[in-house]
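Here's the structure we're looking at; comments come further down.
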């Protein structure tokens with residue numbers, strides 16, 4: 001019986017890999033990487049992170065180096081472990097001379113946390129805008145930092161402001177590790193990341 005195959009499918013994923021120790025009490029996970037096949041759900045196996053095993057062809061590996069999607073860039077085609085981190089908004093600011101109104105910032109995107117039961121448990125940020133009598137932004141107060149995998153979009157209710165977010169923790173970090181390099185190449189495309 002082979003320990004892995006070259007078809008991008010769960011039953012061809014490596015029988016074991018550097019995944020032992022991940023996972024909590026539900027579900028209990030061993031070094032069997034097949035249970036991680038094509039997983040992109042945040043919080044499924046690691047609290048506040050995602051771990052998955054993906055079959056990456058030579059073309060997918062090459063294209064990931066120029067991709068702007070933040071999917072990570074494996075160093076070689078084959079079977080790849082992909083880990084995605086999360087973090088809060090560390091600071092928020094607006095460009096100089098921004099005009100707005102007193103109110104709140106609207107946050108969107110950022111891939112909030114999804115629990116192991118599949119329910120979305122997004123910790124959304126909350127920030128309040130303060131302006132002077134001329135309508136210029138004098139302060140933005142970050143009330144709740146939220147928790148995101150990627151930098152969310154931030155928009156003031158009115159005006160010309162450009163809101164800048166600085167992320168903390170492990171937000172915007174994707175780590176890849178090739179656990180089986182396949183020189184002959186991967187066939188098929190059973191996952192949705194690469």
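Let's see how each residue does on (1) surrounded by fewer than 13 Cβ atoms within 10 Å (Cβ to Cβ); (2) at pLDDT 95 or above; (3) part of a strand (DSSP E or B); (4) on the phi > 0 side of the Ramachandran plot:
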residue	(1), (2), (3), (4)
92	no, yes, yes, no
96	yes, no, no, no
127	no, yes, yes, no
164	no, yes, yes, no
170	no, no, no, no
183	yes, no, no, no
192	yes, no, no, no
Notebook entry, point to check: What are the residues in the range 129-162 that are surrounded by fewer than 19 Cβ atoms within 10 Å (Cβ to Cβ) and part of a strand (DSSP E or B), if any?
Noted result: 130, 136, 138, 139, 141, 142, 143, 144, 153, 155
Check: Hey, any hits in the range 50-69 for a residue that's in contact (Cβ under 8 Å) with a residue 12 or more places away in the chain, on the phi > 0 side of the Ramachandran plot, in contact with a strand residue (DSSP E or B) (Cβ under 7 Å, 6 or more places away or on another chain) and not in a helix (DSSP H, G or I)?
Finding: no
Checklist line | Qualifying position, being in contact (Cβ under 8 Å) with a residue 60 or more places away in the chain, in contact with a strand residue (DSSP E or B) (Cβ under 7 Å, 6 or more places away or on another chain) and outside the structural domain of residue 48 (by TED's automatic domain parsing), among 160, 150 | finding: 160
Next item on the list: Check off (1) in contact (Cβ under 8 Å) with a residue 60 or more places away in the chain; (2) surrounded by fewer than 22 Cβ atoms within 10 Å (Cβ to Cβ); (3) within 25 Å of residue 155 (Cβ to Cβ) for residue 84 and give me the number that stays unchecked.
Entry: (2)
Notebook entry, point to check: In the range 51-59, is there at least one residue being surrounded by fewer than 21 Cβ atoms within 10 Å (Cβ to Cβ) and either closer than 20 Å to residue 173 by Cα or at pLDDT below 75 (or both)?
Noted result: no
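The values are calculated or read from the model by the stated rules, or taken from the named source; none is laboratory data. Treat the numbers as computed from the prediction; the structure is a model and nothing was measured. FYI the Cβ positions are ideal-geometry reconstructions off the backbone, even for glycines, and counts take in every protein chain you see.
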